[in-house]
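The values are calculated or read from the model by the stated rules, or taken from the named source; none is laboratory data. Since we're looking at a predicted model, the values are computed, not measured. As a convention, Cβ positions derive from the backbone with ideal geometry for all residues, glycine included, and neighbour counts pool all protein chains shown. Only protein heavy atoms, including side chains, enter the accessible area calculation; ligands, DNA and RNA are left aside. Shrake-Rupley method; radii C 1.70, N 1.55, O 1.52, S 1.80 Å.
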Amino acid sequence: MSLRDTPPHTPPVTAVPVPDVFDPRRYAQGVPYDRYRVLRDHHPVAWQEEPAVLGWPAGPGFWAVTRHADVVRVLKDAATYSSYLGATQIRDPAPDDLPFIRRMMLNQDPARPGGAGPADHGRLRRLVSRAFTPRRIERFEARVRERARTLLADAVAGARAGDGTFDLVTAVTDDYALLNLADLLGVPPADRGLLLHWTRRVIGYQDPDEAAPRVPGPDGAPLDPRSPAMLGDMFAYAGSLAAHKRTHPADDVLTTLATDPELTGPELEMFFFLLTVAGNDTVRSAAPGGLLQLAHGPGEYARLRAGTVTAADAVDELLRSHPPVLSFRRTAARDTELAGTRIAAGDKVVVFHASAHHDERVFTDPHRLDLSRSPNPHVAFGDGPHVCLGAHFARLQLQVFYEESVRALPALRLAAPPRRLVSHFINGLKSLRLEAPG
């Protein structure tokens, strides 16, 4: 008998009730750390229903993994917990779209005997690592620093000429992340707004304020923003830009990828998709999130300004406290057991990074911001075979941003509550209004 024939999806009647951590609307009010705590303490691998919400259809449900040790185990064990079988988002892709989505490195598994899918993951990681060299990224530091300094100065000046406040997200961090990525990729200045448009369309699809107008599919349900039908404009642009780079090469990532004979056209398109969305939104979410955490921890901000702790050290704690990614999905490749819970082959298994980062079994006093926390084994950049190849670039941007923030902003005072993204995937801020220094 398969485990799927007798799924233990209903806890005993005497158990502590299983709280919902699926509904993306809940995250607009804040990350549900209280619910994560209940799950870690009583249901470390908990069955979650997946009802229809915000016009998106219902799904079959999934296992929520909330303890740090179990999250790391899932991320490292690609043989058991596959990225290829059902891709990496909680919502199932349409069956017809799955072969397309599997072209992306993120949605593949490392090669293994008898493993699912083609053995492309290692090859693609090697190809992209040639473009994301530390030396190339470090050459961007001066440009990144000047950009952070200019954006912050302009935001403060605009606030002083207005009501004394500014929105860090719209005035600084959206442009900061976008323009840094555009420089690294080699996107012409006139086209850079497209990157933010595509990012918001894909990442913010659950949020009514961010989502593009919905396009109904053949069954009447809205088309997935990750489907080929919704990404045609991005892929057409990637192809034309790659062709331009082959005849006008430059020192940028897209030139390296476009001139690599091992990379096919469809693979290049998927790299452009991955780098545009993931490369942009990691910093776009983490940078304002870090300052929000520092606004709530003025003592730690004072330490950062005084140089008692360096921005390089602070980056890890701010990523732990406000990880840009809230969750990632895997699919069980075989019947297995995790934290005493039976999981059937084909079940969705979703790791919750923000919960793992607040696991008292690993982090002492996890809700306290401690910029010198050590060790700090957060999983903000993932773990195992899918650890983020762009982590070095993200760290550089965040370090420089915090260094310039302490120079431009002697104190961090919120002028309004932050507005959060409606998403159980990205820990995003739509607005963070700050008081300008006097």
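What FRET efficiency comes out for A157 versus T247 if R0 is 45 angstrom and r is the Cβ-Cβ distance? Round to the nearest 0.05.
Numbers: r = 41 Å, r/R0 = 0.92.
The calculated FRET efficiency here is 0.65.
The candidates D335, D163, D154, D77, arranged from most to least accessible area with a 1.4 Å probe in the full protein assembly, appear as D163, D154, D335, D77.
Could you work out Rg/(2.2 N^0.38 Å) for segment 388-438, with Rg from alpha carbons only? My calculation over the Cα atoms of segment 388-438 gives 1.42. For K76, the lysines whose Cα comes closer than 20 Å to its Cα, not counting residues fewer than 8 places off in the same chain, are K348. The calculated Kirkwood hydrodynamic radius for the chain is 22.6 Å, given to one decimal from all distinct C-alpha pairs.
Summary value for segment 168-299: 33 percent relative contact order, contacts being C-alpha pairs under 8 angstrom separated by 6+ residues. When you restrict to C-alpha pairs under 8 Å that are six or more residues apart and normalise by the size of segment 231-374, the relative contact order lands at 19 percent.
Here the scattering of segment 303-361 is modelled by Debye summation over its C-alpha atoms, one equal scatterer each and no solvent; at q = 0.13, 0.18, 0.25, 0.26 Å⁻¹ the log10 of I(q)/I(0) is -0.53, -0.76, -1.01, -1.03. Here the relative contact order of the chain, from alpha carbon pairs under 8 Å that lie six or more residues apart, stands at 26 percent.
The Kirkwood radius of segment 312-438, taken over pairs of alpha-carbon atoms, gives through the Stokes-Einstein law at 10 °C and 1.306 mPa s a diffusion coefficient of 93 µm² s⁻¹. Stretching A79 away from L54 to a fully extended chain increases their span by 5.6 nm, per 0.36 nm per residue minus the current alpha-carbon distance.
Of all accessible surface on the chain at a 1.4 Å probe, what whole percent is carbon and sulfur? Ligands and nucleic acids excluded, carbon and sulfur reach 54 percent.
Answer rounded, prolate or oblate for segment 221-308, using the Cα gyration tensor with square roots of eigenvalues a ≥ b ≥ c: rounded when a/c is under 1.5, else prolate when a/b is larger than b/c, else oblate.
Oblate shape, in that a/c is at least 1.5 and b/c is the bigger or equal ratio.
Classification of segment 74-210 by its C-alpha gyration tensor yields a prolate form. The axis ratio a/c (a ≥ b ≥ c) is 1.5 or more, and a/b outweighs b/c.
In the full protein context, segment 347-438 carries 36 Å² of accessible surface per residue, based on a 1.4 Å probe and ignoring ligands, DNA and RNA. In this structure segment 250-339 gives 30 Å² per residue of accessible area when probed at 1.4 Å with all protein chains present.
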